[in-house]
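Okay, structure first, notes after.
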Amino acid sequence: MKRLIHSLLVILTILLVSCGSNNDQNFDADCETEIQSSENTVQGSKSNLAPSLLENYQDSDESKFGGEINLLWSDPPTLDPHLTTDNTSIGIVVEIFSGLVKLSSNQTNSVVGDLAESWSISEDETTYDFTLRPNLKFSDGELLSAEDVKWSLERAANPKTGSSVAEEFLGDIIGIRDIIDGKKLTTNGISVLNDRTIRIKIDAPKTYFLSKLSYPTAFILSKKNIEDKNNNWLESPVGTGPFILKDYTVGKEIILNRNDYYWDKKAYLEKIVFNLAGGVPMAMYENDEIDITGVTLADLERVEDKCSDLNNDLVTIPPSHSISYIGFNINKPPFDDTKFRQALNHAIDKQLIAEQVFSNLVIPADGIIPPNFPGYSEKISSLGFNLEKAKSLLVESKYASYNGDSNTPEIDTSEIPRITLTIPGSGGSPGFTTEIIADMWRENLGIDINIQQVEWATFIQDLHKGRLQAWSGLAWEADYPDPQTFIDVLFRSDSSINYGSYNNKNVDNFINQAQIEQDATSRYKLYNQAEQIIIDEAPWLPLWWGTESISLVKPRVKNLKFYSLSISRFKDVWIKDN
């Protein structure tokens, strides 16, 4: 589903950094070594590997088995795939669990089989028959059958499970909404034909349906494990991914071990250690406490110095399919006024921020669908910086007016309700973007913003329940290569992921047409028409597109790759200590 990304530094360090380093570079006397990279197209984006990592990772060389990789992470809000909605959780969940299909790691915009060996689609494109791989086993050695698939999908939809996104990812399946509404426990839309064959019927032909099954909401769980251990099953979860959960100490660490019952080639790594205790990423990297770290502006000049020891560990990372933004809850004043929201958009000079604060390391976002993503359009017209227009719109709203001398009118903002902008955090600095935008609103429009920080898991919960007035510190990253994951799930009026309660009948009409349109060009045009309306009505303040970045990766880490979408990253990684 939507992949919410915590945009604070520590999380970005891990979520946006997954690449290998070059162990074979040679420095000459003038330190002229350049950052190395090679690019492979993956899911409509790029996957990046340093040259020393371009080894045959399918090689089953026994010498590659063993070792561990150490990462800086944060406590995930959940490890239950059916409850997962954020990248902190997804980064671990995709290593422990899996589903019928997954996004390809080496092809463009494709879905490949995972637990499903193959599938067929009916002529009317509403019935899918999946054939499971033979002799599939859960990580405890128990056999997996089609009954487990049916039970898992229905369990995800069951209101007792508490998934906030089941309807978005599974709602196309006939009868699933009856389960979500508590009317039934099972559905004929999912039927077991035999031990290895599961049939799924959807309500209309939808080209993106297979892709949605790659998200954790559709992952397969062990009924026996959950029922035997009841509320404690996540202490030792049973899955079908390349790793198993060995230990989880809240606030300290998560340890994953290799799953010896994994259906595909076994993982090389003996274990993955996620450090949850926190710390300064660069210091931890230089002290060999972690194997990967992002690079902040403060360290950029030092690591890019060709004579620096760290320079040899640099790897470029291609842009992610994401957009960071500030969201407004249009049910809560003053964001219930379109002109007020438009004024806030026009009052922010994103280009100035990009140039003077971020040294052009960020790219201002003009729309919702990111560049180089299916459905992206350069024709989308944005609410760019225009201070006079911002002031004019503000006084046209119901929350402000002019007062004073008609020759030198001032804007009276005394009627604007108190605005609280909530960000995830634990008491530290709110971050450059949030502070600068708050300052621009204050200086340009006379609007004061109260910035409130809440712990990450609480932030996610409040966001889902519509409790926030406005929020920042997030990016939305695509779950699969289709514009539906941006325009539909985020802005359709009845979407459970429409956190700002945005509602426009014309947008809904375009989205509903796009859902069943089979021609890609026509579908994208419909999404673009909806996108333009959304931008014009400003339920968001779009900030930055995902951009190319750099990271540091220890030379001992081999074959660690970056993907723009949710894919298990560590199965083919191996360690070579000198």
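How would you order 483-491, 561-569, 333-341 from highest to lowest mean count of nearby Cβ atoms within 10 Å?
On the way: 483-491: 25.4, 561-569: 22.2, 333-341: 20.0.
Sorting 483-491, 561-569, 333-341 by mean packing, highest first, produces 483-491, 561-569, 333-341.
With θ taken as phi - 60° and the Karplus curve 6.51 cos²θ - 1.76 cosθ + 1.60 applied, the whole-hertz 3J(HN,Hα) list for segment 147-152 is 4, 5, 5, 4, 4, 5 Hz, x standing for glycine and proline.
The residues packed around Val357, meaning those with a beta-carbon under 13 Å from its beta-carbon, carry a net charge of -3 if Lys and Arg are +1 and Asp and Glu are -1. A simple count of charges around Ile254, restricted to other residues whose Cβ falls under 14 Å of its Cβ and scoring Lys, Arg +1 and Asp, Glu -1, yields -3. Here the mean projected area of the convex hull built on the C-alpha positions of segment 98-240 is 8.7 nm².
Of interest is the spacing of the C-alpha centroids, which for segment 509-564 and segment 103-157 amounts to 26 Å. For segment 414-424, backbone phi angles converted through the Karplus equation (6.51, -1.76, 1.60; θ = phi - 60°) give residue-by-residue couplings of 5, 8, 6, x, 4, 10, 10, 9, 9, 10, x Hz, Gly and Pro being listed as x. Whole-Hz Karplus values for segment 297-313 come out as 4, 5, 9, 4, 4, 5, 6, 7, 5, 4, 8, 7, 4, 5, 4, 5, 9 Hz, taken residue by residue from phi with 6.51 cos²θ - 1.76 cosθ + 1.60 and θ = phi - 60°; glycine and proline positions read x.
Expressed in nm², what is the orientationally averaged projection area of the convex hull enclosing the Cα positions of segment 400-500?
Details: hull surface 35.6 nm².
Computing the convex hull of the Cα atoms and averaging its projections yields 8.9 nm².
Ranked from largest, the principal axis spans of the Cα set of segment 322-545 equal 59, 41, 36 Å.
Relative to the globular-protein estimate of 2.2 N^0.38 Å, the Cα radius of gyration of the chain stands at 0.98.
Taking max minus min of the alpha-carbon positions on each principal axis, segment 305-384 gives extents of 55, 30, 22 Å, largest first. The helix-based estimate of mean residue ellipticity at 222 nm for the chain, built from -39,500 (n - 2.57) per DSSP H run of four or more residues and divided by its residue count, is -7500 deg cm²/dmol to the nearest 500.
Residues Met440, Met284, ranked from the fewest to the most other C-beta atoms within 10 Å, line up as Met284, Met440.
Mind listing the long-range amide H neighbours of Glu253? Cut-off is under 5 Å, sequence gap 5 or more, other chains count too, H placed in the peptide plane at 1.01 Å from N. Hits under the 5 Å cutoff: Leu276.
Where a number appears in this text, it was derived from the coordinates with a stated rule and is not lab data. Everything numeric in this text was worked out from a predicted model, so none of it was measured. Counting neighbours? That spans all protein chains shown, and the Cβs are built from the backbone with ideal geometry, glycine included.
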